[in-house]
Amino acid sequence: MDARRRPFPEDNPHPRGGSRMIVRSRSPVRICDIGGWTDTRFAKRGAVLNLAVSLFGHCLVEDRPGNGNGHGDDRVAVLRALDLGVDVSIEDVAKIEYGGALDLLKAAVKRLDMSGGFRASVWSDAPPGSGVGSSAAVGVSLVGALGHFAGRKMPPHDIAKTAQALETQELGLECGVQDQYASAFGGVCFMEIEYPRVELSRLPVAPSFLWELEERLVLVYVGESRLSDAVHRLVIQRYEAAVPEAVAAMDTLRGAAHAMKDAMLGEDMAGVVEAINANWAAQKSLHPDITNPSIEGLFETARAHGAAAGKANGAGGGGTVTFVAEPGREMKLRKALGEVPGCVVLPCLICQEGVRSWVVRE
């Protein structure tokens, strides 16, 4: 067996001798990213608090049968996005080229210096363009599963760092750091950032406070985000040019993350509400397209039916919105938002686990 495919001894991945090796992994997405936009290259320093929830990015890696010994061709890898119905066959993993379909998967295979002879399949529980870091969750699961398959014990920090490098260093994309770290660690994460370095704390929030917050959270999908690359570029340009409104908004976002941390640790629901609302106001001030008439109409409906706070997840412009209901009004709020045309209320349970990978016993 290739040294890069050495299994962990405790996993015994071939318990019946000829059984093929199968590894699964999953990692949660994040919502309610207070301080989002400050975790980026152009912001340089940031503070973010987010919540991992039980919508997962999944990965399944398995040997490809075909050469008679339980493994496929040593050079060939098959990559599949099951929720998108797209698959790509890499004829020689040493000659991967980007451009076209499934570049994130190609980047993981290249970055981890994988040999071939396997099939990797990914999918996400979250809808496309939902603004909850689903591509990062898939990337984290992919790195975790491929690393496990190759016999590499990778701690969560290394998985997050590698997954973030897929997008920035391999594919040359603008990408913050919060999504990958939230997926890798799970729970309530507070991050202080000197890009790309991250100091992360999983906050020891009182269980009863988390249960109450969980009861009052309402996550609504409003359709795929339409926030264009041009909007992202303009936000970056305004901040790098030290436009006062942009600088002030970023400062407010950082402050909201610290306020949210204090509120969570202090079991202060009013403080949580205030931090979320302050973040949304600052987020919208970065660019007019971060909100739109449909989103503003949704907020009006939400306030009329018991929402105390709310913000669009991720950059904004669509995707999903997280609301916090007033006590006892969460069912009324869910019902009202679920009746808005084009909106879907999604499950929203806080996930205390980060990335997990395991060997499947056939």
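Each value in this text was obtained by applying a stated rule to the coordinates, not by laboratory testing. Since the structure is predicted, the reported quantities are computational estimates derived from the model, not experimental observations. Positions of Cβ are generated from backbone atoms using ideal geometry, with glycine treated the same way; all protein chains shown enter the neighbour counts.
A few remarks follow.
- Surrounding net charge for Glu240, when Lys and Arg each add one and Asp and Glu each subtract one, Cβ distance under 12 Å: +4
- Extension gain, Thr168 to Glu194: 0.36 nm times the residue separation minus the Cα-Cα distance gives 7.8 nm.
- Under 17 Å from the Val360 label point (7 Å along Cα→beta-carbon), backbone N, segment 100-124: 117-124
- When Asp179, Asp268 are arranged by Cβ crowding within 10 Å, least crowded first, meaning fewest neighbours, the order is Asp268, Asp179.
- For the Cα trace of segment 108-228, dividing Rg by the Kirkwood Rh returns an Rg/Rh value of 1.00.
- If R0 is 25 Å, the Cβ-Cβ spacing of Val344 and Arg303 corresponds to a FRET efficiency of close to 0.80.
- Each residue in Asp158, Asp113, Asp39, Asp63 was given a count of other beta-carbon atoms within 10 angstrom of its own, and listing them fewest first yields Asp113, Asp158, Asp63, Asp39.
- Computed over segment 180-262, the alpha-carbon pair-distance distribution with 10 angstrom bins reads 13, 30, 40, 17, 1, each value a whole percent.
- Between Ala270 and Arg45, the contour length at 0.36 nm per residue exceeds the alpha carbon distance by 78.3 nm.
- Listed residues Ala126, Ala304, Ala43, most fluctuating in the chain (Gaussian network, C-alpha, under 10 Å): Ala304
- Cα-based radius of gyration of the chain once divided by 2.2 N^0.38 Å, which approximates compact folds: 1.02
- For the chain, the share of DSSP beta bridges that are antiparallel, to the nearest 5, is 90%.
- Residue among Leu166, Leu265, Leu200 with the largest mean-square fluctuation in a Gaussian network model of the chain, springs linking Cα atoms under 10 Å: Leu265
- Helices that extend 18 Å or more along their long axis by alpha-carbon positions and average at least 0.0 on the Kyte-Doolittle scale are, among the DSSP H runs of the chain, 134-149, 244-265, 269-285.
- Selected from Ser115, Ser54, Ser19 as most flexible by GNM, with the chain as the system and alpha-carbon contacts under 10 Å: Ser19
- Footprinting exposure proxy for Val231, Val272, Val243 (fewest neighbouring C-beta atoms within 10 Å first): Val243, Val231, Val272
- Ellipsoid equivalent to segment 207-346 - semi-axes via the Cα gyration tensor, in Å: 26, 20, 10
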